[in-house]
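A.B. asks: Can you keep this structure in mind? I'll have questions shortly.
The values are calculated or read from the model by the stated rules, or taken from the named source; none is laboratory data. Note that the coordinates shown come from a computational prediction; the quantities given were computed from them, not determined experimentally. When we count neighbours, we look across all protein chains shown, and the Cβ atoms used for this are built from the backbone with ideal geometry, even at glycine.
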Amino acid sequence: MSVTVFGKINIDTFLYVDRIHIGENHLCTKTFTDIGGKGANTAIALAKLNVPCQLVAMIGTDSVSQTVLKRLEKHGVGIDSIQSCEEQIGKTFIVVESNGRNTMFHILGANAHLTPDKIDWTFLERCKAVFVQMGIPSETAQEVIMMSKRNGKYVFVDPAGFSETIELQTLAYADTVAPNELELLRMTKETEIEKAVKKLLNVGVEEVVVKLGGKGATLYTEKMSYHVDAYDVEVVDTTGAGDAFNAAYILAKLKKMNVRDALKLAVAASALAVTKVGSSSASPTRDKLVEFLKSKGEESLAKAVLEGSL
Ligand code: RIB
């Protein structure tokens, strides 16, 4: 197993509208239901890129939870470490405007029960890399990050859901932290990107990758920074784009690509994701990613994605 993913599983219900106006009635142009949650989305995105992975998460005991399990397994995600509890499965209601922007409403449900005592630490014997989403209970995220690093794993953290009560110091054990602009400023309590990044690097994070949506992404280490512009694509729905980004970046790291290629690959995966509706449905397969890279003249990067095994 190459990657162990710790994160949420949700049922996402999408409402597509022209514009959202608080306090008013809306006519939806369409609706959609998808498996969501950053844990499930990242695991499915990894599986679509042919990266062996297992998901550690919590679901309910209802029939919807069973259907989700079957769908994850069909995608090739390892489901043996997904546990169930007497709670409803996590749910997110997502309003997407015609410019692709989304507004979310969350019910944590079973996700809130992924406490440290539920973790089977033998995952550390089976993987090379660990993905952690901060939206799971913070004690769990903190312990997993620390133990994974101490056991020599590559640790990638998506800080979505980073609560104000968490010490930034928790991230000292992370190799890569990948926030969007808003998350970065909130978690560091800064108002400028450069200062916020410095704060994260100062606690010991190896590299900070800032997802900038339509402006691409910038990677920062102590020694350098590198920016990749976003591809010019038709934006339909931005939900799940960050998760497709995460998965492609982890694939690049497992393939020992340099940080520049890793960033290019991640930006390409998120470009494809925003052209599709839904969350886990939106991430690209390895073939689609390769095809896209070739169409953009990135032949050698496309070749590197196909080469070797994990
Ligand atoms: O990253 C997108 C995800 O965030 C959605 O699938 C939704 O469930 C929320 O957790």
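A.B. asks: Given the criterion modelled with pLDDT of 95 or more, among the hydrophobic types (A, V, I, L, M, F, W, C), touching a Cys at 6+ places or on another chain (Cβ under 6 Å) and outside any helix (DSSP H, G or I), identify the matching residue among V56, V51, V5. Explain how you work it out, then say what you get.
C.D. replies: Values: V56 fails: touching a Cys at 6+ places or on another chain (Cβ under 6 Å); V51 fails: touching a Cys at 6+ places or on another chain (Cβ under 6 Å).
Just a single option satisfies the conditions, and that option is V5.
A.B. asks: Being under 19 Å from the mean Cα position of the chain (by Cα), surrounded by fewer than 24 Cβ atoms within 10 Å (Cβ to Cβ) and within 16 Å of the ligand (Cβ to nearest atom), is that true of even one residue in region 222-235?
C.D. replies: Looking for residues that are under 19 Å from the mean Cα position of the chain (by Cα), surrounded by fewer than 24 Cβ atoms within 10 Å (Cβ to Cβ) and within 16 Å of the ligand (Cβ to nearest atom), one finds at least one in region 222-235, hence yes.
A.B. asks: If you don't mind, another one. Looking for something in a helix (DSSP H, G or I), out of contact with any helix residue (DSSP H, G or I) (no Cβ under 6 Å at 6 or more places or on another chain) and at pLDDT 95 or above - is there at least one such residue anywhere in region 290-298? Before the answer, list the steps.
C.D. replies: First, the residues of region 290-298 that are in a helix (DSSP H, G or I): 290-295.
Of the ones still in play, those that are also out of contact with any helix residue (DSSP H, G or I) (no Cβ under 6 Å at 6 or more places or on another chain) are 291, 295.
From what's left, at pLDDT 95 or above: 291, 295.
For region 290-298, residues in a helix (DSSP H, G or I), out of contact with any helix residue (DSSP H, G or I) (no Cβ under 6 Å at 6 or more places or on another chain) and at pLDDT 95 or above: present.
A.B. asks: For residues that are touching an Asp or Glu at 6+ places or on another chain (Cβ under 6 Å) and closer than 18 Å to D120 by Cα, scanning just region 133-192, find the one that is surrounded by the most Cβ atoms within 10 Å (Cβ to Cβ).
C.D. replies: So the residue we want is Q133.
A.B. asks: May I ask you to verify whether T238 is part of a loop (DSSP other than H, G, I, E, B), surrounded by fewer than 24 Cβ atoms within 10 Å (Cβ to Cβ) and among the hydroxyl-bearing types (S, T, Y)? If you could, list the steps in order and put the result at the bottom.
C.D. replies: Working: part of a loop (DSSP other than H, G, I, E, B): yes; surrounded by fewer than 24 Cβ atoms within 10 Å (Cβ to Cβ): yes; among the hydroxyl-bearing types (S, T, Y): yes.
Here the answer is yes, as T238 does meet what is asked.
A.B. asks: In the list T239, T275, which residue meets the criterion of being at pLDDT 95 or above and under 15 Å from the mean Cα position of the chain (by Cα)?
C.D. replies: On the way: T275 fails: under 15 Å from the mean Cα position of the chain (by Cα).
Only one candidate qualifies: T239.
A.B. asks: Could you run through region 83-103 and say how many residues are within 16 Å of the ligand (Cβ to nearest atom) and assigned to a strand (DSSP E or B)?
C.D. replies: Summing the residues that are within 16 Å of the ligand (Cβ to nearest atom) and assigned to a strand (DSSP E or B) in region 83-103 gives 9.
A.B. asks: Given the criterion within 14 Å of the ligand (Cβ to nearest atom) and on the phi < 0 side of the Ramachandran plot, identify the matching residue among K48, K8, K30, K74.
C.D. replies: On inspection, the qualifying residue turns out to be K8.
A.B. asks: Follow-up question, since we're still on this one. Pairs please, first residue from region 115-141 and assigned to a helix (DSSP H, G or I), second anywhere and among the hydrophobic types (A, V, I, L, M, F, W, C), Cβ atoms under 6 Å, 6+ apart in sequence or on different chains.
C.D. replies: Correct list of pairs: S138/I166; T140/L114; A141/V132; A141/M134.
A.B. asks: Next question. Could you grab me the full set of residues in region 43-82 that are under 27 Å from G308 (Cβ atoms) and more than 18 Å from the chain's Cα centre (by Cα)? Quick ask: steps written out before the conclusion?
C.D. replies: Pass one, region 43-82, residues under 27 Å from G308 (Cβ atoms): 43-56, 72-81.
Residues satisfying the conditions are E73, K74, D80, S81.
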